[in-house]
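Here is the structure we will look at.
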Amino acid sequence: MSRQYPTMDAEDLGESGDEECRCVMKLEVLEKDDNKLRFTLEGSSNNFLNTIRRVSVSEVPVMAIEEVAFTKNSSVLYNEIIAHRLGLVPLRTDLKTYKLPNECKCGGKGCNACSLKLSLNAKGPKVVTAGELKSKDPKVVPAIEGLPITKLNENQEIKFNATANLGVGKDHSKFVPCLFVFNNYPELKVIGKGAKKCIDVCPKRILEMKGDKVIITNPSKCDLCKACVEACPNDLELRNIDGKYIGYIESWGHLEPKEILLESVKVLNKKLKEFVKALK
Ligand code: SF4
Ligand SMILES: [Zn+2]
């Protein structure tokens, strides 16, 4: 699937997508599911993609538990350890309903628009998992139900109320929505006759003979480890294609990868508008 990337964003941002896009940036999705997205981006730059990456990781808001009030805890773990674990449970995030506390009308005191109550009440013997958290909002629930919180033995009990809110990764790592990496798109050039012997050293098994040439069968899997050129320095040359990149996003479950990308563009747009306003 190949598409004009800025046009997709403009439509999804609710802006006019009617204007013909004169850009040459092309995004091709190589593989995707609910949590992973691998893509190639052409006609871009390191700076552009790195900006999107940094905003995605550190400034796209997601939900996480911020406060826990225990009424019972006879497990072997201290309240603080359990509260820390709860903070790291990824919660499915509804950005249409919730606001960041510092942008909410309540001034960050906590209201239905910026915070959500959850609770848990469990008795042993059992392993208590994130799936047992009861949320007041069915849209905001643990993304990974099987995450263990603590183990309870016979007659042990845990009971607490928790408050979750939106936050951003630059303030705390529990609000980081994803892993996002990218690298240059590789191109292999055969410059000598002994390149055939390099095929077996590739850890990704993506080198093959085609006629008398060595080719990369799946360049998107190449991680630029350079094992092939180190094995055959006089026969192979590995170079980056200018302006072409392979990106990979793995979401922790709060938002889908495409939502993270679109949200990062919104955050960036907002910053640019603020910048223009400040200049005037
Ligand atoms: S750089 Fe590494 S992964 Fe890429 S083709 Fe060479 S050996 Fe394989
Ligand atoms: Zn509020």
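The values are calculated or read from the model by the stated rules, or taken from the named source; none is laboratory data. Quick caveat: nothing in here was measured; it's all calculated off a predicted structure. Quick reminder, even Gly has a Cβ in these numbers, built from the backbone with ideal geometry, and neighbours come from all protein chains shown. We work out accessible area using only protein heavy atoms, side chains counted, and drop any ligands, DNA or RNA first. Shrake-Rupley method; radii C 1.70, N 1.55, O 1.52, S 1.80 Å.
Summary of values
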{"quantity": "Test result for Glu11, assigned to a helix (DSSP H, G or I), exposed (fewer than 14 other Cβ atoms within 10 Å of the Cβ) and either modelled with pLDDT under 95 or out of contact with any Phe, Trp or Tyr (no Cβ under 6 Å at 6 or more places or on another chain) (or both)", "calculated": "yes"}
{"quantity": "Which numbered condition Asn102 fails, given (1) open to solvent by 50 Å² or more (accessible area, probe 1.4 Å); (2) more than 16 Å from ligand 2 (Cβ to nearest atom)", "calculated": "(2)"}
{"quantity": "Neighbours by Cβ (under 9 Å, 6+ apart or cross-chain): first from segment 220-237, within 16 Å of Lys204 (Cβ to Cβ); second among the acidic types (Asp, Glu)", "calculated": "Ser220/Glu31; Val229/Asp235; Val229/Glu237; Ala231/Asp200"}
{"quantity": "Residue match in segment 150-160 (condition: acidic (Asp, Glu), part of a strand (DSSP E or B) and open to solvent by less than 90 Å² (accessible area, probe 1.4 Å))", "calculated": "yes"}
{"quantity": "Residue satisfying condition, being of a type in the set (D, E, K, R) and within 16 Å of ligand 2 (Cβ to nearest atom), within set Lys136, Lys197, Lys151", "calculated": "Lys136"}
{"quantity": "Of residues in segment 161-171 being open to solvent by 40 Å² or more (accessible area, probe 1.4 Å) and either in a loop (DSSP other than H, G, I, E, B) or touching a Pro at 6+ places or on another chain (Cβ under 7 Å) (or both), the one nearest to Ala69 (Cα to Cα)", "calculated": "Asp171"}
{"quantity": "Selection count, segment 127-161, where residues are farther than 12 Å from Pro90 by Cβ and either touching a Cys at 6+ places or on another chain (Cβ under 6 Å) or not aliphatic (A, V, I, L, M) (or both)", "calculated": "21"}
{"quantity": "Per-region count, segment 24-42, residues in contact (Cβ under 8 Å) with a residue 40 or more places away in the chain and either closer than 21 Å to Ile241 by Cβ or surrounded by fewer than 15 Cβ atoms within 10 Å (Cβ to Cβ) (or both)", "calculated": "8"}
{"quantity": "Failed condition for Lys174, given (1) surrounded by 14 or more Cβ atoms within 10 Å (Cβ to Cβ); (2) over 30 Å from Ser58 (Cα atoms); (3) charged (D, E, K, R)", "calculated": "(2)"}
{"quantity": "Which listed residue is small (Gly, Ala, Ser), under 30 Å from Ala69 (Cβ atoms) and open to solvent by less than 90 Å² (accessible area, probe 1.4 Å), from Gly253, Gly243, Gly211, Gly192", "calculated": "Gly253"}
{"quantity": "From Lys258, Lys277, residue being open to solvent by 30 Å² or more (accessible area, probe 1.4 Å), outside the structural domain of Phe48 (by TED's automatic domain parsing) and of a type outside the set (Ser, Thr, Tyr)", "calculated": "Lys277"}
{"quantity": "Elements of type strands (runs of 3 or more DSSP E) in segment 189-280, at least 3 residues being within 28 Å of Val55 (Cα to Cα) and more than 16 Å from ligand 1 (Cβ to nearest atom)", "calculated": "236-251"}
{"quantity": "Test: residue in segment 62-70 that is acidic (Asp, Glu), open to solvent by 50 Å² or more (accessible area, probe 1.4 Å), out of contact with any Leu (no Cβ under 9 Å at 6 or more places or on another chain) and at pLDDT 95 or above", "calculated": "yes"}
{"quantity": "Test: residue in segment 255-268 that is of a type in the set (Val, Ile, Thr), within 30 Å of Lys139 (Cβ to Cβ) and in contact with an Asp or Glu (Cβ under 8 Å, 6 or more places away or on another chain)", "calculated": "yes"}
